[in-house]
Amino acid sequence: MSNELEILANQILNSDGLKPNLSKRDFFNSLLIFQNALMDKLFDLQDYDNLELLQREKMATKCGEDLRKFIHTYTGLDTHKLEDFL
């Protein structure tokens with residue numbers, strides 16, 4: 001996946017700052033990529049802090065809730081309504 005992410009990131013950086021006009025599906029796909037990367041780094045932090053399973057679950061749940069709230073606050077989109085992104 002690294003090569004594909006590098007290509008996509010370079011395309012975004014070279015877009016001259018123009019509004020990308022993403023569809024809801026494009027936004028959702030972008031979110032899935034970000035969420036995957038966020039969880040990867042969350043797990044690294046949890047390993048570093050040597051958290052117990054219950055703490056890990058609570059932290060991951062809180063992260064997901066905070067991300068959902070952030071997205072809804074700044075886009076008006078509810079990521080729990082998957083039908084809106086299909």
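Here is how the numbers come out for the structure above:
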{"item": "Simple Cβ-charge dipole of the stretch 23-85, Lys/Arg +1 and Asp/Glu -1, about Cα centre, in debye nearest 20", "result": "240 debye"}
{"item": "Helix 2-13 axis, angle to the chain major axis (alpha carbon atoms, nearest 10°)", "result": "50 degrees"}
{"item": "D_trans [Stokes-Einstein, Kirkwood Rh over alpha-carbon pairs] for the stretch 23-85, 4 °C, 1.567 mPa s, µm² s⁻¹", "result": "102 µm²/s"}
{"item": "For the chain, with +1 on Lys and Arg beta carbons and -1 on Asp and Glu, the positive-most of THR79, MET59, ALA37 along the dipole", "result": "THR79"}
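Readers should treat all values here as calculations from the given coordinates under stated rules, not as data from a laboratory. Source: prediction; values computed, not measured. Positions of Cβ are backbone-derived with ideal geometry, glycine not excepted, and every protein chain shown enters the neighbour counts.
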